[in-house]
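This report concerns only the one structure given below.
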Amino acid sequence: MSGESFIVLAPHSVAFLLLVGFIGGLVSGFIGSGGAFVLTPAMMSLGVPGVVAVASNLCHKFPKALVGAYKRHKYGQVDVKLGLWMALTATPGMWWGAGIQQDVRRLYGEAGSNLYVSLAFVIVLAIVGLFVLRDALRIYRSGAVEETSRLAKWVQSVEIPGTMVRFRVADIRVSVLFVLPLGFATGLLASTIAVGGFVGVPGMMYVLGASSLVASATELVIAFVMGLGGTLKFALGGLVDIRLAMLILLGSLFGVQLGAIGTTFVKPFMIKVVMAAVMLIVAVSRALVVPVYLAQLGVMALEETAMRLLERASFAFMVLALATGAFIIVAAMMRGYRHA
Amino acid sequence: MVAAAKPWFLMLVSGAASALCYVLLFANEKEVMASFTRTDGWYPALPVLTAFLFSLVHGAFTGYFWEVLGVVPRPSGKSATARIED
């Protein structure tokens, strides 16, 4: 990689990265993932080449996840064993997802690849986001605590000799034959939309039966392993801009610690509220650019100005998603702090 | 109940160490970027090792920072994981 491909950092770019890093860290510390969907396009908007933005984001992701996981482990919320079992297949899932991306790009070009990613965002986040929101609202209205889903109860009841593993912190005993595909799906989504946690956390909650606190904390272990593996891969190609990664980390470690502390002050369903809000706003953000990619593929006609407008609106919605998540977390923390 | 002493000293030491890491990184920006983007030998390990070092030093600082500000976890944080089985 030639030195010319790395940008000159201006003061406003540094301030921007620190701020987005902090908010992304706050959301990550609280729901186990988040921030990447804004950080990568944010870096690209500063002139960073896409592949360097992805590589640098990964290089800040794994140390952030490490600090977040350590912090939440101290609060007794991390199931390291579950995280490592999930991570075992998350990495192959990530490589498989990257392979699909390359195939789509080769067959349908850049616009086709962007359309594929955006549709994956919209479909996955809309379905899972609405499901999580419905669950959060049900708990809020009934005033009940979290219940184990019917699916998770069935999964826990399935006995497959030689594959049963007890996960102490999550307080579940399930066959790893359910855990491994979930890890694979997490990795697959991580390489497609950069946030595997949007499948990993709901999967641990609704398929395996872990609580939202344990699922979101355990996701940080998976994020650490995937981030480390991804960083190594990109570092072998000389693509990591360590300055960008460490600048984002500067803000995000303040955020991830605050988000982790926040989980001890809020009612557990608040994790679901934040997750659903972020997922659904991001889904809207990506839905806005679908017509742009369809126009670029020649499927429909769209004026150049309309395309630019939709792209800007899409980015604004992504920032809004992160800001909304951060706002709900801080408000819930302050409410919980007053009642503590 | 007596309030625990705030870790001012630890925050200042870890904060100084964290600042030193960042100063060294940006004061030697050109050399760092030239070395850290090399693809031969053990050079690709440099970004990874640096990220680990920063997470240790800056992670310690940010932890003490919130503690000094009085933003600490609720002691019964784990109890919130309770669920009911119907």
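The values are calculated or read from the model by the stated rules, or taken from the named source; none is laboratory data. This one's a predicted model, so the numbers in the text were calculated from it and none came from an experiment. Every residue, glycine as well, gets a Cβ built from its backbone with ideal geometry; the counts of neighbours run over all protein chains shown.
See the values below:
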item: Subset of segment A:175-207 [under 12 Å from residue A:85 (Cα atoms) and not in a helix (DSSP H, G or I)]; result: A:175
item: Test for residue A:15: is it without any contact (Cβ under 8 Å) to a residue 24 or more places away in the chain, more than 21 Å from residue B:37 (Cα to Cα), part of a helix (DSSP H, G or I) and more than 9 Å from chain B (Cβ to nearest Cβ); result: yes
item: Hits in segment A:219-253 - residues which are of a type in the set (Gly, Ala, Ser), in contact with a helix residue (DSSP H, G or I) (Cβ under 6 Å, 6 or more places away or on another chain) and facing chain B (nearest Cβ under 10 Å); result: A:227, A:235, A:245, A:251, A:252
item: Members of segment A:101-122 that are under 26 Å from residue A:65 (Cα atoms) and at pLDDT 90 or above; result: A:122
item: Leading residue by the ranking (farthest from residue A:8 (Cα to Cα)) among those in segment B:13-58 that are of a type in the set (Phe, Trp, Tyr) and either part of a helix (DSSP H, G or I) or modelled with pLDDT under 95 (or both); result: B:52
item: Odd one out for residue A:74, checked against (1) surrounded by fewer than 19 Cβ atoms within 10 Å (Cβ to Cβ); (2) in contact (Cβ under 8 Å) with a residue 12 or more places away in the chain; (3) within 14 Å of chain B (Cβ to nearest Cβ); result: (2)
item: Test result for residue A:265, touching a residue at least 24 places away in the same chain (Cβ under 8 Å), touching a helix residue (DSSP H, G or I) at 6+ places or on another chain (Cβ under 6 Å), part of a helix (DSSP H, G or I) and of a type in the set (Phe, Trp, Tyr); result: no
item: Criterion (part of a helix (DSSP H, G or I), among the hydrophobic types (A, V, I, L, M, F, W, C) and either within 30 Å of residue A:336 (Cβ to Cβ) or modelled with pLDDT under 95 (or both)) met by exactly one of A:217, A:301, A:210, A:245; result: A:217
item: From A:142, A:149, A:118, residue being of a type in the set (S, T, N, Q) and within 20 Å of the chain's Cα centre (by Cα); result: A:118
item: Residue within segment A:35-48 that is over 17 Å from residue A:228 (Cβ atoms), within 14 Å of chain B (Cβ to nearest Cβ) and over 17 Å from the mean Cα position of the chain (by Cα) present; result: yes
item: Filter result (more than 18 Å from residue A:222 (Cα to Cα) and in a helix (DSSP H, G or I)) within segment A:28-55; result: A:38, A:39, A:40, A:41, A:42, A:43, A:44, A:45, A:50, A:51, A:52, A:53
item: Among the residues listed as A:151, A:125, A:88, A:137, the single one being at pLDDT below 95, part of a helix (DSSP H, G or I) and either surrounded by fewer than 22 Cβ atoms within 10 Å (Cβ to Cβ) or aromatic (Phe, Trp, Tyr) (or both); result: A:137
item: Verdict on residue A:58 being surrounded by 24 or more Cβ atoms within 10 Å (Cβ to Cβ), within 13 Å of another protein chain (Cβ to nearest Cβ) and either without any contact (Cβ under 8 Å) to a residue 60 or more places away in the chain or touching a Gly at 6+ places or on another chain (Cβ under 8 Å) (or both); result: yes
item: Subset tally (residues that are more than 18 Å from the chain's Cα centre (by Cα) and within 11 Å of another protein chain (Cβ to nearest Cβ)) for segment A:198-209; result: 1
item: Filtered residue count, segment A:254-270, keeping only those that are at the interface with another protein chain (Cβ under 7 Å from one of its Cβ atoms) and small (Gly, Ala, Ser); result: 0
item: Qualifying residue in segment A:158-178 (condition: of a type in the set (Val, Ile, Thr) and under 30 Å from residue A:39 (Cα atoms)); result: no
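Listed here are the residues, each with its yes/no results for (1) small (Gly, Ala, Ser); (2) within 9 Å of chain A (Cβ to nearest Cβ); (3) without any contact (Cβ under 8 Å) to a residue 40 or more places away in the chain.
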{"position": "B:21", "(1), (2), (3)": "no, yes, yes"}
{"position": "B:24", "(1), (2), (3)": "no, no, yes"}
{"position": "B:38", "(1), (2), (3)": "no, yes, yes"}
{"position": "B:48", "(1), (2), (3)": "no, yes, yes"}
{"position": "B:54", "(1), (2), (3)": "no, yes, yes"}
{"position": "B:61", "(1), (2), (3)": "no, yes, no"}
{"position": "B:69", "(1), (2), (3)": "no, no, yes"}
